[in-house]
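J.: Questions regarding the structure given below will be posed in turn.
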Amino acid sequence: MTTPVLEDIDADFPRPERELIERLAKLPAANIGDAMDRLGVADSAIQAIWSGARLAGPAFTVWVRPGDNQGIHRALQLARPGDVVVVAGGGDESRALLGELIGERAINQGIAGFALDGAARDAETLGEIGMPVFARATTPAGPYKNGPSRLGTAISFGGVPVLPGDIIIGDSDGIVVIPQAQAAVVAEAAEAVFADESNRRGAILAERRPGN
C-alpha cells in the first residue's frame, strides 16, 4: 500500500482589499485582540526581532519541518507583493529559518514581512534593511534545506489557526491573526476600541492638568 502524498493548495488564493489592510495597520495589535475577544493572538514568545518592526498584510502560509527552510524558498517564488509569509515551524528554536539573504530577496519582491513560529538570525541587519521579521527566537545556527514543506494550506501558528489570506498584524506587543471573512467587522470593532481608549486617555490627562 502506497502512502498518499499531500499536495500544496493553489497559491492564487483571494486576498483582502488593500484598503481594509491599511485600516487595520493603523490600529494597535492590542486593540484588535480586544475586538476579537482576545482570540487570534499568537503566542507571546513570537516577537519582532528588531525594534520598531511592524507587520500588516495577507498571510501566505508555509508549513515546514522544524529547522528546515525549503518551504520559505519555495514561497518566495509564489508569494505576491504585500503578502506576509507565515511559517509554521513547530516552534523550533535551534535553527534559524531565515536571515539577511532571504530578507534581501523578500524586499526585492515586495514581501511585507515574515512571521515565524521558529527562529531567525541576522536580526541587526534585517533591521537595517527594513525587513520586518517576527520570530520565537534568534540563533546564529543555519537551517536545513531538505523539506518537506507545504504552501498555501491551513496551519497552526503560535497556537492560532491561520488560513491563506487571513490578515496578519504585528507590532511591539506581538501578532494577531484576523480571519479574512471577519476582517471588516473586526476593523470596525477595533476602531471603536481605539476611539474609546483614546477618549479615556484624554480624560485622565485632563485630570492631571494644574487647576483640575
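J.: Which one is nearest to L20 (Cα to Cα) among residues in the stretch 49-94 that are among the charged types (D, E, K, R) and in contact with a Phe, Trp or Tyr (Cβ under 8 Å, 6 or more places away or on another chain)?
T.: At the first step, the residues of the stretch 49-94 found to be among the charged types (D, E, K, R) are 54, 65, 68, 74, 80, 83, 92-93.
Cutting the leftovers down to in contact with a Phe, Trp or Tyr (Cβ under 8 Å, 6 or more places away or on another chain) gives us 65, 68, 80, 83.
Numbers: R65: 33, D68: 33, R80: 17, D83: 14 Å.
Out of the qualifying residues, it is D83.
J.: For the stretch 133-143: of the residues being over 15 Å from the mean Cα position of the chain (by Cα) and either part of a loop (DSSP other than H, G, I, E, B) or among the acidic types (D, E) (or both), which is surrounded by the most Cβ atoms within 10 Å (Cβ to Cβ)?
T.: Of everything passing the filter in the stretch 133-143, P143 is surrounded by the most Cβ atoms within 10 Å (Cβ to Cβ).
J.: A follow-up question, please. Kindly provide the set of residues from the stretch 160-183 that are surrounded by fewer than 24 Cβ atoms within 10 Å (Cβ to Cβ) and closer than 19 Å to A120 by Cα, ordered by number.
T.: Across the stretch 160-183, the qualifying residues are D171, S172, D173, G174.
J.: Same structure, new question: Assess whether D83 counts as being buried (at least 24 other Cβ atoms within 10 Å of the Cβ) and either at pLDDT below 95 or of a type in the set (D, E, K, R) (or both).
T.: So D83 fits the description; yes.
J.: Which of (1) surrounded by fewer than 19 Cβ atoms within 10 Å (Cβ to Cβ); (2) farther than 25 Å from G103 by Cα; (3) aliphatic (A, V, I, L, M) does A45 not meet, given it meets every other one?
T.: Among (1) surrounded by fewer than 19 Cβ atoms within 10 Å (Cβ to Cβ); (2) farther than 25 Å from G103 by Cα; (3) aliphatic (A, V, I, L, M), the lone unmet condition for A45 is (2).
J.: Here's a follow-up. Residue check: is A187 small (G, A, S), over 23 Å from K26 (Cα atoms), touching a residue at least 12 places away in the same chain (Cβ under 8 Å) and surrounded by 12 or more Cβ atoms within 10 Å (Cβ to Cβ)? Step through it out loud before you land on a result.
T.: On the way: small (G, A, S): yes; over 23 Å from K26 (Cα atoms): no; touching a residue at least 12 places away in the same chain (Cβ under 8 Å): yes; surrounded by 12 or more Cβ atoms within 10 Å (Cβ to Cβ): yes.
Spelling it out, it is not the case that A187 is small (G, A, S), over 23 Å from K26 (Cα atoms), touching a residue at least 12 places away in the same chain (Cβ under 8 Å) and surrounded by 12 or more Cβ atoms within 10 Å (Cβ to Cβ).
J.: Step by step: first the residues of the stretch 154-202, then only those that are touching an Asp or Glu at 6+ places or on another chain (Cβ under 7 Å) and in a helix (DSSP H, G or I), then the one that is modelled with the lowest pLDDT. Which residue is that? Can you show your working first?
T.: Pass one, the stretch 154-202, residues touching an Asp or Glu at 6+ places or on another chain (Cβ under 7 Å): 157-159, 177-180, 193.
Keeping just the survivors that are in a helix (DSSP H, G or I) gives 180, 193.
Working: Q180: 97, V193: 94.
By that ranking, first place goes to V193.
J.: Here is a further query. Can you find a residue in the stretch 168-177 that is on the phi > 0 side of the Ramachandran plot and not hydrophobic (A, V, I, L, M, F, W, C)?
T.: Yes, there is a match, as at least one residue in the stretch 168-177 is on the phi > 0 side of the Ramachandran plot and not hydrophobic (A, V, I, L, M, F, W, C).
J.: Still on this model: Condition first: closer than 24 Å to I32 by Cα, crowded, with 24+ Cβ neighbours inside 10 Å and in contact (Cβ under 8 Å) with a residue 60 or more places away in the chain. Can you find one or more residues in the stretch 123-132 that meet it?
T.: yes
The values are calculated or read from the model by the stated rules, or taken from the named source; none is laboratory data. Just so it is clear, the model here is predicted, and its values are computed rather than measured. Don't worry about glycine lacking a Cβ; one is built from the backbone with ideal geometry, like all the others, and counts go over all protein chains shown.
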